[in-house]
Amino acid sequence: MQISDTTIEKLLTEAGKATPAQIDELKTTGERSHQTLQYLAVQSKLIGELELTKLYANYIEVPFINIDPKDIAPEVLNKIPERIAAQYQAVLFDIDEDGVSHLAMSDPDDVQAVDFIQKEIGENTKIYIATRENILACLENYSGDVTEKLNDVIDVQREEDGSEQTVNEADLAEDSPVAKTINLLLEYAIRSSASDIHIEPREGYVQVRYRIDGVLKEVNRLPRNVLGSLVSRIKILTNLKIDERRVPQDGRFKIKLAGKQYALRVSTLPIADGEKIVMRILDESNEAISLEALGYWGRSLEIINQASTEPNGVVLVTGPTGSGKSTSLFSILNILNTPDVNISTIEDPVEYKIPGVNQTQTNPKAGMTFTSGLRALLRQDPNIIMVGEIRDGETANLGIQAALTGHLVFSTLHTNNAATTLPRLLDMGIEPFLIASTVRAVVGQRLIRRLCMTCRQSVTPSEKEIDALYKSLHMETADLHVIHQLDASAKEQGIGKDTPMGSSESTITSLWKASQNGCDECSNTGYKGRIGIYEVLSNSNAIQKLIVANATSTQIQSQAILEGMVTMQTDGLIKALRGESTIEEVLRVTKE
């Protein structure tokens, strides 16, 4: 969709999306950078692409449509060859009873493209406009069954004796079976919303597993003889040493799929049966998710919003590896990222790229550690600093000193919950009065699998099951009044808003469970995506006194609960009552 600058100006003005001053500023920027007004308006977040497409659809009087790729029949899609559909970003998504072809395009003003496509499908065509992302997602349907394709490619490489092949140049070429295998594994992983790909050599085969929603799942077994060429091909993509098999190596490469760019962080490790490879998938085209969408609500959301707007201080996010700490910080930094603020980060590694933020990667070999990097950042006139992780007393001390000198510092720490973070800083040698005066808030978090909204099932627990639940969550019957109030409050704030109340003043009335066999929507798992459970500890005057008195984490936790802190387990219980997840999931990640 290419819209002229004059039309963009008219659309933005009529929709009240930009003032004349803002449009003049965009024009000046466009003249300087040779960018279109359309590109600059979307980049500066004056308007989103979806909203702009709808406004343009009304302007040119072409109906807007948002297509679900699953609704397109293969025989309809294939009426237009894939090459042509991709070239003109057009998708034939339906042919009705009257024989009218329904065609969606990202740029219906392209008369040449319309004429060319109508020669293929006939002139009895109704044209719609859709976003570029929607068209590209529909074009993925041309790929067909990835698993079937993968098996066809693997069969070509299978050797009867299972011996390992010698690697030659032909094996590593772009169109070789090995290159196709890797492309298909990546495509299938991204389609499955996997966060990691594990390629693991075993005695008689190569095991391929994906981590989906935090749980590892075996998806394929490749013949043992392809291991050498598979590892070498990945090393070529990642610029690693092909002939070095004795030591671990790390690298990174990028791919594009369905119009989105993905970065893959690659790690190799020598194990008993060969070299193991793990690839972390990072969606670089992802926009920051709001804190509400991540699962923050109520008092937790209020405290984190308040702490993030303080002029100085330290905000810490804690939890084990893979608990979503980086995602929480990424979302907070995006909220704070404005032109009048200098945000600088030191990370290991840089996972999410944030436009307008100065992000630095650690490099211990070159002497760039968290400590040396933080020292350098303090000379760069920052307003906000993010340190990827506090690993030692020196880094912790520098972070505290930065907060004392007027900076807002964000970082992560590996502790079990929010309350244990403060004594952990004491163990690192930080003076109690410094912790009390600089720490603004501590977030403890975990990730739980979200139930598939299509096939989840409601269950009424028996008295015995409710008693077992109280015991597992260390609850008393008297706590039910508080739980019921939180349940009602969460419903008001949009947590499971279409789900009936799961509690009353006296008992738990209903819970939810995953469907045993799942459905197509959730790939037969019963779960789709993940949501966070949180506890946010505010550093109140009472807690500051406990810190200075060298109180234990249990005493700090008790005081925080008295002040209204919702613990991770309680937050998980509320989300289970609201139909977002299950009690089993909450206990799986929070049981100590």
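The values are calculated or read from the model by the stated rules, or taken from the named source; none is laboratory data. If you're wondering where the values come from, they're calculated on a predicted model, not measured in any experiment. As a convention, Cβ positions derive from the backbone with ideal geometry for all residues, glycine included, and neighbour counts pool all protein chains shown. Ligands, DNA and RNA are stripped out before the accessible areas are found, and what is left, the full protein with its side chains, is counted by its heavy atoms. Shrake-Rupley method; radii C 1.70, N 1.55, O 1.52, S 1.80 Å.
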Could you grab me the full set of residues in region 115-141 that are of a type outside the set (D, E, K, R) and either surrounded by fewer than 18 Cβ atoms within 10 Å (Cβ to Cβ) or part of a strand (DSSP E or B) (or both)? PHE116, GLN118, ILE121, GLY122, ASN124, THR125, ILE127, TYR128, ILE129
Among the residues of region 552-587, what is the count of those that are open to solvent by 10 Å² or more (accessible area, probe 1.4 Å) and either at pLDDT below 90 or outside any helix (DSSP H, G or I) (or both)? 7
Scanning region 41-66 for residues that are among the aliphatic types (A, V, I, L, M) and over 12 Å from LEU12 (Cα atoms), which turns out least open to solvent (accessible area, probe 1.4 Å)? ALA57
Among the residues of region 518-531, are any surrounded by 13 or more Cβ atoms within 10 Å (Cβ to Cβ), without any contact (Cβ under 8 Å) to a residue 12 or more places away in the chain and assigned to a helix (DSSP H, G or I)? no
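So which residues in region 406-464 are small (Gly, Ala, Ser), within 30 Å of ALA514 (Cβ to Cβ) and crowded, with 23+ Cβ neighbours inside 10 Å, if there are any at all? Explain how you work it out, then say what you get.
Our first condition is that a residue be small (Gly, Ala, Ser); within region 406-464, this holds for 406, 411, 418-419, 429, 436-437, 441, 444, 458, 462.
Checking the rest, the ones that are also within 30 Å of ALA514 (Cβ to Cβ) come to 418, 444, 458, 462.
Selection gives ALA418, GLY444.
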Using beta carbons and a limit of 6 Å, which pairs, at least six apart or on different chains, have the first residue in region 212-224 and under 14 Å from SER523 (Cα atoms) and the second one open to solvent by less than 20 Å² (accessible area, probe 1.4 Å) and of a type in the set (Phe, Trp, Tyr)? LYS217/TYR210; VAL219/TYR210
Of all residues in region 473-493, which are open to solvent by 40 Å² or more (accessible area, probe 1.4 Å) and closer than 22 Å to LYS591 by Cβ? HIS474, GLU476, THR477, ASP479, VAL482
Scan of region 542-551 for residues that are part of a loop (DSSP other than H, G, I, E, B) and open to solvent by 30 Å² or more (accessible area, probe 1.4 Å), ordered by number: ALA549, ASN550
Is there any pair linking a residue in region 460-481 that is in a loop (DSSP other than H, G, I, E, B) to one that is open to solvent by less than 30 Å² (accessible area, probe 1.4 Å), with Cβ under 6 Å and at least six apart or on different chains, and which? THR460/SER510; PRO461/ILE508; PRO461/LEU511
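Every residue, every condition in (1) free of Cβ contacts under 8 Å to residues at least 12 places away in the same chain; (2) assigned to a loop (DSSP other than H, G, I, E, B); (3) in contact with a Phe, Trp or Tyr (Cβ under 8 Å, 6 or more places away or on another chain); (4) at negative phi, yes or no:
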{"residue": "ILE400", "(1), (2), (3), (4)": "no, no, no, yes"}
{"residue": "ALA419", "(1), (2), (3), (4)": "no, yes, no, yes"}
{"residue": "ALA436", "(1), (2), (3), (4)": "no, no, no, yes"}
{"residue": "ARG449", "(1), (2), (3), (4)": "no, no, yes, yes"}
{"residue": "CYS455", "(1), (2), (3), (4)": "no, yes, no, yes"}
Considering only region 54-89, how many residues are closer than 17 Å to ILE117 by Cβ and among the basic types (Lys, Arg)? 2
Can you tell me which residue within region 494-503, out of those that are in contact with a helix residue (DSSP H, G or I) (Cβ under 8 Å, 6 or more places away or on another chain) and surrounded by fewer than 13 Cβ atoms within 10 Å (Cβ to Cβ), is farthest from ARG578 (Cα to Cα)? GLY494
Among (1) in contact with a strand residue (DSSP E or B) (Cβ under 9 Å, 6 or more places away or on another chain); (2) open to solvent by less than 40 Å² (accessible area, probe 1.4 Å); (3) under 30 Å from SER290 (Cα atoms), LEU469 falls short only on (3)
Test set (1) open to solvent by less than 20 Å² (accessible area, probe 1.4 Å); (2) part of a loop (DSSP other than H, G, I, E, B); (3) under 23 Å from GLU563 (Cβ atoms) - SER323 fails condition number: (3)
Tell me which helices (runs of 4 or more DSSP H) are completely within region 22-89 and hold 3 or more residues being out of contact with any strand residue (DSSP E or B) (no Cβ under 9 Å at 6 or more places or on another chain), or say none if there are none. 37-43, 49-60, 82-88
Give me the pairs, please: first residue somewhere in region 194-207 and farther than 8 Å from MET279 by Cβ and open to solvent by 10 Å² or more (accessible area, probe 1.4 Å), second residue anywhere and modelled with pLDDT of 95 or more and not in a strand (DSSP E or B), beta-carbon distance under 7 Å, and either six or more positions apart or on two chains. none
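Quick one: in region 288-311, of everything that is in a helix (DSSP H, G or I) and among the hydrophobic types (A, V, I, L, M, F, W, C), which residue is surrounded by the fewest Cβ atoms within 10 Å (Cβ to Cβ)? Working first, answer last.
Here is the first cut: in region 288-311, the ones in a helix (DSSP H, G or I) are 291-294, 298-308.
Narrowing the set further to residues that are among the hydrophobic types (A, V, I, L, M, F, W, C) leaves 291, 293-294, 301, 303-304, 307.
On the way: LEU291: 20, ALA293: 12, LEU294: 21, LEU301: 17, ILE303: 22, ILE304: 24, ALA307: 23.
The extreme case among them is ALA293.
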Assuming LYS276 fulfils every condition listed in (1) assigned to a strand (DSSP E or B); (2) open to solvent by 30 Å² or more (accessible area, probe 1.4 Å); (3) touching a Lys or Arg at 6+ places or on another chain (Cβ under 7 Å) apart from one, which condition is it? (3)
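Select from region 504-517 the residues that are part of a loop (DSSP other than H, G, I, E, B) and either under 32 Å from the mean Cα position of the chain (by Cα) or free of Cβ contacts under 8 Å to residues at least 12 places away in the same chain (or both) and write down the one among them that is nearest to ARG578 (Cα to Cα).
Per the stated criteria, the residue is SER510.
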Would you say GLY373 is closer than 27 Å to LYS254 by Cβ, surrounded by fewer than 19 Cβ atoms within 10 Å (Cβ to Cβ) and of a type in the set (Gly, Ala, Ser)? no
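Among the residues of region 218-234, are any out of contact with any Ser or Thr (no Cβ under 9 Å at 6 or more places or on another chain), under 30 Å from VAL341 (Cβ atoms) and either surrounded by fewer than 17 Cβ atoms within 10 Å (Cβ to Cβ) or of a type outside the set (A, V, I, L, M, F, W, C) (or both)? Break it down stepwise before answering.
Here is the first cut: in region 218-234, the ones out of contact with any Ser or Thr (no Cβ under 9 Å at 6 or more places or on another chain) are 218, 221, 223, 227, 232.
Filter again for under 30 Å from VAL341 (Cβ atoms), leaving none.
The answer is no; no qualifying residue exists.
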Out of the residues in region 256-269 that are farther than 14 Å from LEU240 by Cα and modelled with pLDDT of 80 or more, state the one that is least open to solvent (accessible area, probe 1.4 Å). ALA263
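Do the conditions hold for ILE3, that is, is it of a type in the set (A, V, I, L, M, F, W, C), open to solvent by 40 Å² or more (accessible area, probe 1.4 Å) and without any contact (Cβ under 8 Å) to a residue 60 or more places away in the chain? If you could, list the steps in order and put the result at the bottom.
Working: of a type in the set (A, V, I, L, M, F, W, C): yes; open to solvent by 40 Å² or more (accessible area, probe 1.4 Å): no; without any contact (Cβ under 8 Å) to a residue 60 or more places away in the chain: yes.
When the stated conditions are applied, ILE3 does not pass them.
Taking region 378-394 as the region of interest, how many residues are surrounded by fewer than 22 Cβ atoms within 10 Å (Cβ to Cβ), not small (Gly, Ala, Ser) and not in a loop (DSSP other than H, G, I, E, B)? Talk me through it step by step, then tell me what you get.
At the first step, the residues of region 378-394 found to be surrounded by fewer than 22 Cβ atoms within 10 Å (Cβ to Cβ) are 378-384, 389, 391-394.
From what's left, not small (Gly, Ala, Ser): 378-384, 389, 391-392, 394.
Pick out the ones that are also not in a loop (DSSP other than H, G, I, E, B) and you get 384, 394.
Number of matching residues: 2.
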Matching entry among ASN397, ASN358, ASN363, ASN337 (being out of contact with any Lys or Arg (no Cβ under 8 Å at 6 or more places or on another chain), open to solvent by 40 Å² or more (accessible area, probe 1.4 Å) and closer than 19 Å to GLN544 by Cα): ASN397
